[in-house]
Amino acid sequence: MTITNIIPEISVISRCASKQPAGVSTEIADTIEERFGLKLDSGNILGARAALKALLDEMSDDDVRRIHALMYSGRDGESAQMIKTHYCGTDETRADLIRPILEKIGALAVYLAKATERAEANGLDIDNF
């Protein structure tokens, strides 16, 4: 699965946690409900964190690094490529990268949307940086 394909699923899970159903694909919401038993506007933050953790656990280490970098890019306005490069040069473990993603679950959809826009504007392929 590519980052481009996984971001909509992560965004639905994030919106489940924060009760923000606006702009969510019904098809993706149905998939999330079927896979994780998570209803779109439930506000079930614990269920959303469990679903997000399961999704991240299915991803490769490099894809987790991409999501981590995109999250901070969307929050802080920095280049996702620069953030990923920085974290690749550290002792950050997979758990160290996943922890802040789970902590920021309520805002994650917004961060990823901003980062994706920025990456597209800068010609960055989010599936391969």
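Summary of computed values
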{"item": "Residue count, region 9-41 (criterion: modelled with pLDDT of 70 or more, of a type in the set (S, T, N, Q) and under 17 Å from Ala113 (Cα atoms))", "result": "3"}
{"item": "Candidate set from region 93-126 (those that are among the acidic types (Asp, Glu) and closer than 26 Å to Ser18 by Cβ); member that is nearest to the chain's Cα centre (by Cα)", "result": "Glu103"}
{"item": "Hits in region 54-66 - residues which are closer than 13 Å to Ser14 by Cβ and touching a helix residue (DSSP H, G or I) at 6+ places or on another chain (Cβ under 6 Å)", "result": "Leu56"}
{"item": "Hey, Lys114 under 14 Å from Glu9 (Cα atoms) and either modelled with pLDDT of 90 or more or not in a helix (DSSP H, G or I) (or both) or not", "result": "no"}
{"item": "Residue among Glu117, Glu92 that alone is acidic (Asp, Glu) and surrounded by 13 or more Cβ atoms within 10 Å (Cβ to Cβ)", "result": "Glu92"}
{"item": "Selection status of Ser73, out of contact with any Ser or Thr (no Cβ under 6 Å at 6 or more places or on another chain) and surrounded by 15 or more Cβ atoms within 10 Å (Cβ to Cβ)", "result": "yes"}
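The values are calculated or read from the model by the stated rules, or taken from the named source; none is laboratory data. Just so it is clear, the model here is predicted, and its values are computed rather than measured. With ideal geometry, Cβ positions are generated from the backbone for all residues, glycine too; neighbour counts draw on all protein chains shown.
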